[in-house]
Every structure is written in C-alpha cells, then in structure tokens.
Amino acid sequence: MTKEEIYEFDLNGYIVYRDLLSTEDIVRMNRIIDADQAGKEAANSFHFSFLDLDPCFLDVMAHPRTLQIIRVMVGDWLRLDHAYGLQLTQAMEVRENLHGGPRADQGEHQYQWLDGKMYNGLIVVMYALADVNPGNGGFICVPGSHKANLVHRPPVTSHLVVNPSLKAGDMLVFTEALVHGTRRWQGDHRRRSLLYKYSPGYSTWADYEGMQKFRDMAKNDLQRDLLRPPRVGGRTPLNFPEVTP
C-alpha cells in the first residue's frame, strides 16, 4: 500500500481498488455461479457458497495484489478465515442493518497502531461481480467508526452512512471494526459480490472444520498456507508472490 492508501484506509476504515478482476474473470465467475445455482434455492438466497466450485476462486484468494494489501493490514502470518458470496435483487427481502464496530463480537474486531505499524482483526475483501451504482444499496458503512470511542450504530438512513459505488471487478477492503451493514437493493439488476475474510494467523472467527476441505483443493504451497489452521507457536510467514506492474 502507498502512503496515500494507508492514510485513506486509516481515515475511513475501508478503501476501494479499481479493476482488480478482469472482464473475462467476471464473466467466467458469474457463469460458474449461475450454473451452480440453476434450479436451486440458492438462486434466491442472500448468501451462497462458491469456494469449491472452480479452482479460479482459490486463485482469487491468493491474488498477489490483494495479498500485498492485506499483508500491510494484518501482517505476514495472515490466513483465510472463511468466504461466501452475497447477492441481492429488488424482489429479495433483506434485513437492513448496521453491525460490527471496534471491539465488537467478543473483542475480535480490532483496529490499532503500535510503533508505526497497523494491526487488525478480521479483514474483509469484497469483489464486485456486478456494478453498484449510486443509491443502489447493498454494502453500507459509517466511515471512521472503526476508531470511534463510543458504541453507537446509527439508523441506516443516517447522514453518517455511505453506500460506496463499485464497478464489476472492483475490490472493496474493510475492517470488521468498521460499523457496516446492508441496505435494501434498489438497482434494476442483481447485485453479486464475493467476500473473502482474512485473519491474523493466530485468530479464527469461523469454525475451522468447515475450511479443511478447501485445503485439499489447493494447487500450491501459497494456497495451502493461506488455508492453514490458526495457531501461534511455530508459525511461519507466507512466501508472498511478486506483484507485476
């Protein structure tokens, strides 16, 4: 991350990177998900699973540019904690809400600086597989709330709440210490996003038993290391891939 990007993330608790996924990747992923959901209730479900549908989704988990960003936020001992997809249409019922915040959920959702270094708990990487235009709804948040000194979640209609716009292929990264949530979808098209949630190597949010099967699917040491179980003792850093311009 550049100094300007670190400043933006520190200021707001989230940051958007444009064009992380190619048009070809977006078309392929949507096609795979559509085929899996055809005839299933998942097609009308807010949440869906995707990590085991095709090797391309594990490739995205280990996207070199993304890992370099999360490395700054979490450190060299990061791991993938869990992943799932979200989708919305106007016809789908959704509970509008805001949740999270600093030290929420038994204190895991944390954001801290010490000796010039950033420390986070759970970090969310959200890839947009469809455009999110101004006013569409979907992901909302309260910028700066990851550093708030009071526990407060305003109504979703508050002037403090923003609804970031995204193009398909963009990546939005936020800390779970940020107050965030969902607003009802107003777009004419379907919203679809992939969420990958990374933790420090010692921490776990989801039940690790549900992640073990994905480690058997890993194609290389980097993917296997990202899917390691949480622990402190004897843990080694990732062998981070180079980022090509």
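Computed from the coordinates by the stated procedures, all read-outs in this text should not be read as laboratory data. Note that the structure is a prediction, hence the values are computed from the model and not measured. Ideal geometry is used to build each Cβ from the backbone, glycine not excepted, and the neighbour counts take in all protein chains shown.
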Extension reserve of the residue 46-residue 84 stretch, reckoned as 0.36 nm per residue once the Cα distance is removed:
12.7 nm
Treat the count of other C-beta atoms within 10 Å as a stand-in for reagent exposure and order 76, 216 from fewest to most.
216, 76
Computed Rg/Rh of the chain, alpha carbon atoms with Kirkwood Rh
0.94
Going toward the positive end of the dipole of the range 3-226, with +1 on Lys and Arg Cβ and -1 on Asp and Glu Cβ, which of 182, 157, 75 do you reach last?
157
Where a Cα-Cα gap under 27 Å defines reach, which lysines qualify for residue 3, not counting those fewer than 8 residues away within the same chain?
117, 147, 167, 197
Hey, fewest Cβ within 10 Å first, where do 50, 139 land in order?
50, 139
When the chain is modelled as a GNM with alpha-carbon springs shorter than 10 Å, which of 11, 178, 20 fluctuates the most?
11
